[in-house]
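For reference, the structure discussed in these notes is given below.
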Ligand code: ATP
């Protein structure tokens, strides 16, 4: 390997910059050249590539977003698009890739790695934590801390006005943000895509819960099957017209901001491991950290969609919200 291309793709997450920095500096440490690819697969296809040095990743470890920009590329899903990408990589003499992103990014990398003889290693960059092969993904810790900061503020106003708040957090397919933050903010209930929403149980809970509680918070993941926070809010207003019920959707604040210490360290560790893994012959794998140790997982296993939810987490909410 002589020249490694690095890109971020799919949804952005805090800590992607720390990962880029680690990849670039480790590659240079091992006397490899590094090429930055802007806007993920889109930039590979259009040829938006540039050489990177130590200086190009200075002063970014603390910054949210991604200096390489990110995009979703429909063209990369076609064989012609991938051929254009490959030709550009060849033109720039890139002979290995590090891709930072989520399951879509790895699906693309897997397909590409089968078609062309170019080793690809992936880093888990998503706020959703929905990949197998790492205990945590880069960005998840920052995102859940952003959520609890926001919900603590909502709690102040809920408490002052004796209100019930339905708060929607990100997670179209995964309730992992909702699950952890729900425990951390002392939520009454957590509704997630992985479990069937039992509205009667929710009503019962809100009704039978301690009457002297002045505020209540229900955390709803975006992909919850009854229709998300606005729908749940509407149903609760119908059922309990005397409750002062409000809905708050946290939205994109969850993706931004300075990465937490945990995300910076995780990104740095897997960034170093990605380059060293490539040099040792790893390919078509994601690098994660499992039980404190670096671990490589083939893309097809990392992106298996069903992540088991720890039922104890839901039980904890039931016990602690009494
Ligand atoms: P997040 O989960 O944070 O949104 P992601 O990496 O899953 O991030 P996607 O938009 O799903 O984000 O995927 C990123 C890109 O990966 C897509 O825009 C596309 O270019 C590429 N990709 C996804 N699936 C495939 C596929 N089946 N074949 C080729 N490329 C794909």
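Since every read-out is calculated from the coordinates, none of them should be taken as a lab result. Only a predicted model underlies this, so the values are computations on that prediction, with no experimental measurement involved. FYI the Cβ positions are ideal-geometry reconstructions off the backbone, even for glycines, and counts take in every protein chain you see.
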Length added when fully stretched, residue 306-residue 29, from 0.36 nm per residue minus Cα-Cα:
95.9 nm
By Cβ neighbour count within 10 Å, fewest first, 142, 195 rank 195, 142
Rank the residues 60, 232, 37 as a footprinting-exposure proxy: fewest other Cβ atoms within 10 Å of their Cβ go first.
60, 232, 37
I'd like the orientation of helix 79-91 relative to the chain: the angle between its Cα long axis and the longest Cα principal axis, in ° from 0 to 90, rounded to 10.
50 degrees
Express the C-alpha Rg of the stretch 118-272 as a ratio against the empirical globular expectation 2.2 N^0.38 Å, rounded to two decimals.
1.14
Nearest 500 deg cm²/dmol is fine: what mean residue ellipticity at 222 nm does the chain get from its DSSP H runs of n ≥ 4 alone, each adding -39,500 (n - 2.57), divided by its residue count?
-13000 deg cm²/dmol
Taking the chain as the reference, fit the longest principal axis to its C-alpha atoms, fit the long axis of helix 311-320 to the helix C-alpha atoms, and give the angle between the two in degrees, 0 to 90, nearest 10.
40 degrees
Once the piece of chain linking residue 83 and residue 53 is laid out straight, how much longer is it, given 0.36 nm per residue of separation minus the C-alpha distance between them?
8.1 nm
Contour minus end-to-end for residue 316 and residue 240, with contour as 0.36 nm per residue of separation and end-to-end as the Cα-Cα distance?
24.8 nm
Helix 16-29 sits off the longest principal axis of the Cα atoms of the chain, rounded to the nearest 10 on a 0 to 90 degree scale, by 20 degrees
What is the distance in Å between the Cα centres of the stretch 58-85 and the stretch 241-289?
16 Å
Test of understanding: ordering 235, 322 by Cβ neighbours within 10 Å, fewest first, what list do you get?
322, 235
